[in-house]
Amino acid sequence: MSFNTLGLSAELLRAVSEQGYSEPTPVQSQAIPVILKGRDIMAGAQTGTGKTAGFTLPMLQRLNTSAQSNNKRHIRALVLVPTRELAAQVQESVYTYGKYLSLKSTVVFGGVGIGPQIKHLRQGVDILVATPGRLLDHVEQKTLDLSRVEILVLDEADRMLDMGFIRDIRRIIALLPKQRQNLMFSATFSDEIKQLANSILKSPETIQVARRNTTAEGVSHTIHPVDHSRKSELLRHLIETKSWQQVLVFIGKKHSANRLTQLLNKAGINTAAIHGDKSQAQRTKALADFKNYKVQVLVGTDVASRGLDIDQLPHVVNYELPNIPEDYVHRIGRTGRAGNEGAAISFVAPNEMGLLKDIERLLKRDLPKVVIPGYELDPRIQLIPLNKGNQSRGGAKPGAGRGGKAYHGKSNSKGGNRSRRHGSGRPQAAA
């Protein structure tokens, strides 16, 4: 199947072709025709499946059939996403695929000044991409009107609910007209997601492109217990002794990605970082160099690494475990594709054991633990519950697995406390 058979306009096909795409992904081939018919959909699709283009392309086409004049533009499509990084990515997709159309769009999220956003909204837009918190800020300031929205998209609905946005979402939906098209995308289907879907969607078409929370059969899983302070040393050891030539490393924070990249480059391992502070040109070059084996290691954060399509990627390393168990499935989905074999290696510090248990509970199995000789856990480190009044040293942040306790490291030796870096608990909602 090609994009030409999906019923898209010549302008959209031209934009798709310029991005180098000729064949749609499964979620695109299933979702686009249904959305073009005006049907509601409930799509089970994880990151990296092409779901953004799967709703962006038909949304643009439906809106373009009745374009508005500049002085009378109102918001006709609302795309709700959980984080500011994803909001920027979706807006970039809307801009890229809609470049030959007369539609206008903008994005609003927290963490930046609201003034420029108000200016863009007053100029009139057809499509608004937003995080729930900042959208409600604009509603309270009466800087936008949602009464004529024709299409509502909830992207990564499971993540939004996990981040505590359910009340905000219901407040926003109450402001929308009852007659509209609803498109919901979620990587998982919890009871809460099903309940939300039943309250929003009308006779939806269900699209499922991957089984729930499953990992590729060709992927091997290995857990390496290691103190956090020795993770970079262990990564170097494995790359050098096992002659890894192409390694995708997931890490939690942008500054941590930069720091690890610098350490590996100093050690003579050609490494590049990809995260939200990198320009699109820098990300594109880093990915191209990685695919062409000019870069041996690509270090990325979860959000910046969404949609990475790398054929026959042999190794994915979780330098830090994700705070949300489902993200483990998303991360390692970069390897073991199309019947190829792949390896998912995770470095787990003592304070991350709760996160590991959450992942194993999700996968319904224990993952094999292998201690690398010379990198055994420091027996002097014990884990104690982190009380509200405790402050970990060295800039470390308190951490917790979902639903678990927070811990920090304390030494039994007379040398005093030796804190370890800790994964954070639930991600902060991008308002």
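The values are calculated or read from the model by the stated rules, or taken from the named source; none is laboratory data. These figures come from a predicted structure and were not determined experimentally. Because the Cβ atoms are built from the backbone with ideal geometry, glycine has one as well, and the counts that use them run over all protein chains shown.
Counting only residues that are touching an Asp or Glu at 6+ places or on another chain (Cβ under 8 Å) and of a type in the set (Lys, Arg), the range 16-45 holds 1 of them. For first residues located in the range 147-173 and assigned by TED's automatic domain parsing to the domain that holds TYR328, partners that are not hydroxyl-bearing (Ser, Thr, Tyr) and lie 6+ apart or on another chain with Cβ distances below 6 Å do not occur. In summary, LEU135 fulfils each of the numbered conditions (1) among the aliphatic types (A, V, I, L, M); (2) farther than 23 Å from VAL34 by Cβ; (3) assigned to a loop (DSSP other than H, G, I, E, B) with the single exception of condition (3). Inspect all residues belonging to the range 347-366 and state whether any of them is at pLDDT 95 or above, in a strand (DSSP E or B) and under 22 Å from VAL317 (Cβ atoms). Scanning the range 347-366, I find at least one residue that is at pLDDT 95 or above, in a strand (DSSP E or B) and under 22 Å from VAL317 (Cβ atoms), so the answer is yes. Of the residues making up the range 101-132, those that are farther than 26 Å from PRO204 by Cβ, surrounded by 15 or more Cβ atoms within 10 Å (Cβ to Cβ) and not β-branched (Val, Ile, Thr) are LEU101, LYS104, PHE109, GLY110, GLN117, HIS120, LEU121, GLY124. Restricted to the range 1-66, the set of helices (runs of 4 or more DSSP H) holding at least 2 residues that are buried (at least 16 other Cβ atoms within 10 Å of the Cβ) and free of Cβ contacts under 8 Å to residues at least 60 places away in the same chain comprises 26-36, 51-64.
Scanning the range 106-132 for residues that are over 23 Å from ASN64 (Cβ atoms) and assigned to a loop (DSSP other than H, G, I, E, B) gives PHE109, GLY110, GLY111, VAL112, GLY113, ILE114, THR131. Selection of first residues in the range 235-253 that are surrounded by 14 or more Cβ atoms within 10 Å (Cβ to Cβ) and of second residues that are acidic (Asp, Glu), restricted to Cβ pairs under 6 Å at least 6 apart or on distinct chains, gives the following pairs, ordered by first then second residue: ILE251/GLU320; GLY252/GLU320. The residues listed here are VAL90, VAL94; of these, the one that is outside any loop (DSSP other than H, G, I, E, B), out of contact with any Asp or Glu (no Cβ under 6 Å at 6 or more places or on another chain) and in contact (Cβ under 8 Å) with a residue 60 or more places away in the chain is VAL90.
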